[in-house]
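Written below as C-alpha cells is the structure these notes are about.
Derivation of every value follows stated rules applied to the coordinates shown; laboratory data play no part. The shown structure was predicted, so the numbers you read here are calculated from the model rather than taken from an experiment. Heads up, the Cβs are rebuilt from the backbone with ideal geometry, glycines too, and the neighbour counts pull from every protein chain shown.
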Amino acid sequence: MVYVLRKSKKPVYSIGIILAAGNSTRTGGKDKMFIRFQGIPLIIHSISKFSNHELIDYTIVVVPENKKLIMEKIIIQWNLKNILVVSGGERRQDSVLNALSEVRKNEIFNKVKLVAIHDGARPFFSEKLLNQGFDLADKYHAAIPVIPVNDTVKIVDNNGFVENTLDRGSIFRVQTPQIFSLDLIIKAHKDKSQEFTDDASMVELLGEKVKVFNGEYKNVKITTASDLENLNIINFGKNNNSIYGLGIDSHRLKLGIDLILGGIKIDHNKGLDGHSDGDVLLHSICDAILGALGLVDLGYHYPSSDLNLQGIDSSEMLNKILNMMKEKNFELNHLDSTIITQEPRISDYRESIENNLSNLLGINEFSVNLKATTTDFLGFIGKSEGIAAQSIVTLNKLNN
C-alpha cells in the first residue's frame, strides 16, 4: 500500500520525485536519510521544501520496501501534505521509473506537465533553485543545476600516468533537482538496460538538449561516512543557537516498592529507593536540562531535606523544569538517554518509555532515543543493587 495525503482537490500540474531508496553502503550502513540535522531527519528537510513549494503540487518519495512504513509514520509526524510513498528499485533509474509508473497509472496525475527529480541526500537546496529549474524546464523541457569545477582536471591512464589535462572552463559538476517535461523523462526512461547516474544523461541519449543553470555550493550530497561527520559543523552562515546538557543519576533497588523508569511502571520485584519516586531516567533528563541552562542541578531545586517532596512524582519535577526552560526562551530539540541496569531487561519497555517521554517532553518520538546496557555484572549495578541513567539533551534558542 502507498500512503497518500491530499490538502486540496486542485489539479496536479507539477510533481516532485525524491529518491531515498539507496542502501547507505558508503555511509557505513547508517541510513543517512534518517540521520538528524538540526533535530530534523535529513529526508524531511528535502520533503518539506518540496511539499511547501508553491510550484510543486504533489511529491512522490521513493524508499526501500522495508522502509515504507517508517517513512509514512515520519510524514504524518511532521504533518507533511500531498505525499505519496512508493518502493524503490535496484538502481537509481529503477526507482525513478517506479515513481513515473505511479504517475502514469494514477488519475490524480493526469494533468502533470513537469517533474522535478531530486536526491533525498541533498537537503540544503534553496527555493530559488527550484524556481529557476521550473522556469527553464517550462521553456526548454529539461533543466539541471551545475556548478563549475575549480580544480585542475586530468585524465589518468590505467597505469597511473596523466594522459591529458582538460579545459575546466567547460566542465561542470551536476546537482539535483533536475526538472523535465513529463513526456520527455518518461521517454528517456523507457527500456534502458545501461546504468545511469543521473536523469539528464538519459535525456541526452535521446539527442535532446539539456539547459543548465547555476547550482548552489551548499547543495551538497551526503554520500560518505565523513559527510555525516561533517554535518555537525555545517552551518552555512547561520548562528548556532543550540546548547547541550548532560545528566546522570542512580538509585539503589529496594524490595516492596514499584520500579518506575521514564514514568512507566516496570514489572520487577524491586523498585528504586529515593526521596521522590526514584525515577533515575527522568532525574537524569532534569539534570541535563538544568545543566544546559546553567541552573545548577535537580537537588538544588528539589532538596531531599524538604519533607513536602517525599514521594513526589518525577514527572511533576520534569514539568517544572521544562517551564523554567521555556522561561529562558529555549525549546527541547533532542534527547538521547541510556539506562544502565543488570536487571530487569529494558527492551520490552523501550517503546512505551520512548512514547511517554515524547508526551512528557512535548517533542515527536523521532527526537527521543533510548538505549539500555549492563555493566557485565560489575559494581553495584552488576550485583542488581541499583540502576543508573544518563541523558544528553539539545536545546534550541527560540527566535522570539
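Mind checking the angle between helix 314-327 and the chain's longest principal axis? C-alpha axes, 0 to 90 degrees, to the nearest 10.
Helix 314-327 sits at roughly 50 degrees to that axis.
Quick one: Cα centre-to-centre distance for the stretch 126-179 and the stretch 322-360, in angstrom?
Rounded to whole Å, the Cα centres lie 46 Å apart.
Hey, what angle do you get for helix 127-140 against the long axis of the chain, alpha-carbon based, 0 to 90 degrees rounded to 10?
20 degrees
Quickly rank 344-354, 269-279, 289-299 as a protection proxy: mean count of other C-beta atoms within 10 Å, highest first. List each step's numbers first, then the result.
Values: 344-354: 15.7, 269-279: 20.9, 289-299: 18.1.
Highest mean packing first, the order is 269-279, 289-299, 344-354.
For the chain, take the longest principal axis of its alpha carbons; what is the angle in degrees between that and the long axis of helix 350-361, to the nearest 10 within 0 to 90?
Between the helix axis and the principal axis of the chain, the angle is about 90 degrees.
List, in the order given, every pair from Lys265/Lys328; Lys154/Lys209; Lys265/Lys371; Lys49/Lys192 whose Cα-Cα distance in the structure shown is over 22 Å.
Working: Lys265/Lys328 32 Å; Lys154/Lys209 26 Å; Lys265/Lys371 17 Å; Lys49/Lys192 30 Å.
Over 22 Å Cα-Cα: Lys265/Lys328; Lys154/Lys209; Lys49/Lys192.
How are the C-alpha pair distances of the stretch 14-230 spread across 5 Å bins, as whole percents from the shortest bin up?
For the stretch 14-230, the pair-distance distribution reads 1, 7, 14, 18, 20, 17, 11, 6, 3, 1, 0, 0.
With P(r) over Cα pairs in 20 Å bins from 0, in percent defined as stated, name the option among [x] 27, 55, 18, 0; [y] 23, 44, 26, 7, 0; [z] 26, 58, 15, 0 computed from the structure displayed.
After the calculation, the listed value that fits is [y].
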